[in-house]
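S.K.: Let me give you the structure first, and then I'll get to my questions.
The values are calculated or read from the model by the stated rules, or taken from the named source; none is laboratory data. Being a predicted model, the structure only gives us computed values, none of them experimental. As a convention, Cβ positions derive from the backbone with ideal geometry for all residues, glycine included, and neighbour counts pool all protein chains shown. All accessible areas refer to the heavy atoms of the entire protein, side chains included, with ligands and DNA or RNA removed. Shrake-Rupley method; radii C 1.70, N 1.55, O 1.52, S 1.80 Å.
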Amino acid sequence: MKFKNKIVYGLVLGAFALASCQKDEDGPTISGDSLTVDREEILVGPDRIHETVLVTASDDLEWVTSSSRFFVSTTPANGTGSAEVTFVIDSTLEAGSRTAQVRIMNRNDESERKIINITQFGYGKQILPRKPEVQIESSASYDDRYIDATITTNVAFEVDPAVEYELGEELTPEDQASLSESDLKNWIRMDGIKIPSAEEQNAELDSKDRPRSFDIRIPWEMNTIPYTRIAKIKLVPTDPDVELVDKDGNPTGEVYITVTQESAQRITDDRAGDSLAVVMINEKIQSMISWDTSENMTNWDVVTLWEETDEDKPSEEAVGRVRSVTFSMFNLQEGETFPREIRYLKYLESVTLQSNTNRQIREMNLGEEIGELEHLKNLTVNSYGLKGLPANFVRLGQTLEKLDLGANNFAKLTDITTVVNKTNFPKLKVLKLSGNRRNDTTGELNTENREELTGGELGMYQNLTTDRQAFIDLLKWDALEELSLSYELFEGSLPTDEEMAAAGFVTYKETPQAEEKYPLLQDTCRWLLTDREVALPGMNRKVKGSEVLCVLPYAKVFAINLNFLTGDVPDWILFHPYLQEWNPDSMIFNQWEDGKDTQGNSVGFDNVKNNPDFGYGYYYGNGKEANRSEAAYPMYYNKYVGGGDEGGTWPDQQ
């Protein structure tokens, strides 16, 4: 028997018992043939309702009605002879039931009357989705990827974070094995669900137990697998002791909104699948760059393909598949990750993702699919809005040779280097981290914006005087051929030569098999293996080649300009064999113009900017042949000043 029927049955018995032992205030109910009604019991729900009672009487009998409670009225209220009387029962605001009596009596003989008992049930505790079954498409633009659901309820409610996920089809074990957990779960974005707060709900539910309607918004992610996905979103009372019923009073148990998402187009493991994946990605990120997809993929500007003649192709199956791809000028919103279809480009060697709209005000995630690319050597994620790296990013360390994470929103250097480091990425040769600034106009790192600095709201901040270990660890990455840290919010001083020695750096002369490791020591930079002294201009000191520390020995690019550094430029930079390749005036010495650090100090290196005698004569001499014995690398003069080959004879080193 249904819950409602049980209640009704109990109330009916109670009503009859009440009627049998209770007398009306004006006397007993009179039953006679001159005045009758077709029903003596009315049971109704909580909503306003009209119920009809047939009154039968002789043609000349005048009758009148009266109600014991305000919520029941009759029309007509009086009459002569037989008639239909409509009972108007107002809606209730109560959770429990209430009763009333209506008397219909002979106007000329009040002892002749009929009593009709009315029982109105109150509202049970309800959470009722207007559309408990929802169908959605596999993909849509970001602004359209949500469900607006209307919930009618008379209790405060919330969304259970434990969404139940399943597929609409049965999968073979092989198909099941091909799917990741991210394919199957968490495509309902719980962090983005918009639901009225408890305060807002309680303010609306202050009219006792009458239900109210609330709108909630449920965002979803695009489907990238060729299977129907189903999510069951449970709505639960905030008070766990509340028992829910439906509109008829029957227990509902658990209340769900069931979302069914249509399957995505199948991406096959072949060249056609690659082209489909590229097209789908470009559409999903809302790129401003388009191309004629009716053309052969070979002619698309954004891709290159593996060719039969490529000696370094990963396998014969890679021929004709996408080797490199570039996605640029797109509009991924905060909360989105890069489309998962990227994983289907299984033979990718190079990926470039650059120029996301408003990246400086968006905190973006990359998604873990990038980490599944087994052949990736070059990755550029530039001006994307990255605040952190995916959990599986370290997997790329076995193949990656070039990484550009510039112009993103990392707050500090360790946001990157705890993952991307010498141990985890042994094959990496190029690391570009420049431009991690969210504010292009910050020229002073004063104490007023200290919280914004350390919180990453202005960009990547690091005080190299007080917190320099991450920076020193980068300098220990001796295999790097390029390290770029320009245009950050770094302040403090560069590690001195004494500090670097204490950190474990040794000189070139102390490096085992130095000449074999670093061919420059065999000719143009042999000075580093000698005790010959070179005088630094305007510094009143001399440096022996054998005292110069070996730091980033292969780096032909090192950039740390447009920061807020102070102090002196150390010798490990001033005498680096590739210093002139670094373009030091622009990429090393050039700090933020008229900038000030958090202590109010004007930025720039004291032994360069405040040294009118500074020049590069100490480095490569002052003439093609002259003064060679006084320079560290005299054979470089012709290359960097004379415009010719290095040439020349090696000067006396004694």
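S.K.: For segment 550-596, what is the accessible area per residue in Å², given a 1.4 Å probe and the full set of protein chains?
M.R.: On a per-residue basis, 31 Å².
S.K.: With a 1.4 Å probe and every protein chain left in place, work out the accessible area per residue of segment 104-234 in Å², rounded to a whole number.
M.R.: Result: 49 Å² per residue.
S.K.: Same structure, new question: How high is the FRET efficiency from residue 135 to residue 315, r the C-beta distance, R0 45 Å, rounded to 0.05?
M.R.: With a Förster radius of 45 Å, E is 0.60.
S.K.: Another question about this same structure. Could you check the spin-label model distance between residue 170 and residue 441? Points 7 Å from the Cα along Cα→Cβ, value in nm.
M.R.: Taking the simple label geometry, residue 170 and residue 441 are separated by 6.5 nm.
S.K.: Another one. What FRET efficiency comes out for the pair residue 517/residue 594, r = Cβ-Cβ distance, R0 = 45 Å, nearest 0.05?
M.R.: Given R0 = 45 Å and the Cβ-Cβ separation, E is 0.60.
S.K.: Right, another one. For residue 412, tell me the accessible area in Å² from a 1.4 Å probe, rounded to the nearest 10.
M.R.: Its heavy atoms expose roughly 90 Å² to the probe.
S.K.: On to the next question. Once phi is turned into ³J(HN,Hα) by the Karplus curve 6.51 cos²θ - 1.76 cosθ + 1.60 with θ = phi - 60°, what whole-Hz value does each residue of segment 418-429 show in order, with x for glycine and proline?
M.R.: After applying 6.51 cos²θ - 1.76 cosθ + 1.60, I find 5, 9, 8, 8, 4, 6, 7, 10, x, 9, 5, 10 Hz.
S.K.: Treating only the Cβ atoms of Lys and Arg (+1) and Asp and Glu (-1) as charged, compute the dipole magnitude of the chain about its Cα centre; round to the nearest 20 debye.
M.R.: Using Cβ point charges on Lys, Arg, Asp and Glu, the chain gives about 620 debye.
S.K.: Report the Cα-based extents of the chain along its three principal axes, largest first, to the nearest Å.
M.R.: Largest to smallest, the principal-axis extents are 142, 61, 39 Å.
S.K.: Continuing with the same structure: Would you mind pulling out the separation of the Cα centroids of segment 529-548 and segment 113-172, in Å?
M.R.: Here the answer is 79 Å between Cα centres.
S.K.: Work out how much length residue 242 to residue 68 would gain on full extension: take 0.36 nm times their residue separation and subtract the Cα-Cα distance, in nm to one decimal.
M.R.: Computed gain between residue 242 and residue 68 is 59.4 nm.
S.K.: I would also like to ask the following. In whole percent, what relative contact order does the chain give with Cα contacts below 8 Å and a gap of six or more residues? Before the final figure, lay out each step's value.
M.R.: On the way: 1387 pairs, mean separation 45.1, N = 654.
Once normalised by length, the contact order is 7 percent.
S.K.: What is the extension gain from residue 279 to residue 308, computed as 0.36 nm multiplied by their sequence separation minus the C-alpha to C-alpha distance, in nm to one decimal?
M.R.: 8.0 nm
S.K.: What does the convex hull of the Cα atoms come to per residue for segment 518-644, in Å³? Intermediate values should be presented prior to the final figure.
M.R.: Values: hull volume 14.6 nm³, N = 127.
In segment 518-644, the Cα convex hull volume per residue is 115 Å³.
S.K.: Here's a follow-up. Can you give the extra length, in nm with one decimal, that the chain gains between residue 60 and residue 454 once fully stretched, where that is 0.36 nm per residue apart less the Cα-Cα distance?
M.R.: 132.4 nm is the gain from fully extending residue 60 to residue 454.
S.K.: Seen from all sides and averaged, what is the projected area of the convex hull of the Cα atoms in segment 455-560, in nm²?
M.R.: Value for segment 455-560: 8.1 nm².
S.K.: Here's something else I'd like to know. Filter the cross-link list 509/639; 609/639; 346/422; 185/422; 387/509; 232/402 down to pairs whose alpha-carbon distance in this structure exceeds 32 Å.
M.R.: Flagged as over cut-off: 185/422; 387/509; 232/402.
S.K.: Find the accessible area per residue for segment 418-483; the probe is 1.4 Å, ligands and nucleic acids are left out, and the unit is Å². Provide the component values of the computation, followed by the final result.
M.R.: On the way: 2960 Å² over 66 residues.
I get 45 Å² per residue for this part.
S.K.: Another question, then. Just the accessible area for residue 324, please: 1.4 Å probe, Å², rounded to the nearest 10?
M.R.: Rounded to the nearest 10, the figure is 30 Å².
S.K.: Based on the Cβ-Cβ distance of residue 260 and residue 414, what FRET efficiency does E = 1/(1 + (r/R0)^6) give at R0 = 56 Å, to the nearest 0.05?
M.R.: Plugging the Cβ-Cβ distance into 1/(1 + (r/R0)^6) gives 0.80.
S.K.: Still on this structure, please answer the following. I need the shape label for segment 95-201. Rule: rounded when a/c is under 1.5, else prolate if a/b > b/c, else oblate, with a, b, c from the alpha carbon gyration tensor. Could you put the intermediate results ahead of the total?
M.R.: Numbers: a/c = 4.24, a/b = 3.09, b/c = 1.37.
Because a/c hits 1.5 or more and a/b exceeds b/c, segment 95-201 counts as prolate.
S.K.: Keeping the other protein chains in place, figure out the carbon and sulfur percent of the accessible area of the chain, with a 1.4 Å probe.
M.R.: Using a 1.4 Å probe with all protein chains present, the chain comes out at 45 percent carbon and sulfur.
S.K.: Can I ask one more? Determine the calculated [θ] at 222 nm for the chain from helices alone, applying -39500 (n - 2.57) to every DSSP H run no shorter than 4 residues and normalising by the residue count; nearest 500 deg cm²/dmol.
M.R.: Values: 14 runs with 91 residues, N = 654.
Taking each H run of at least 4 residues, the total per residue is -3500 deg cm²/dmol.
S.K.: OK, next. Kindly write out, for segment 297-304 in residue order, the coupling ³J(HN,Hα) from the Karplus curve 6.51 cos²θ - 1.76 cosθ + 1.60 (θ = phi - 60°), rounded to whole Hz, with x marking Gly and Pro.
M.R.: 4, 4, 8, 6, 5, 8, 10, 10
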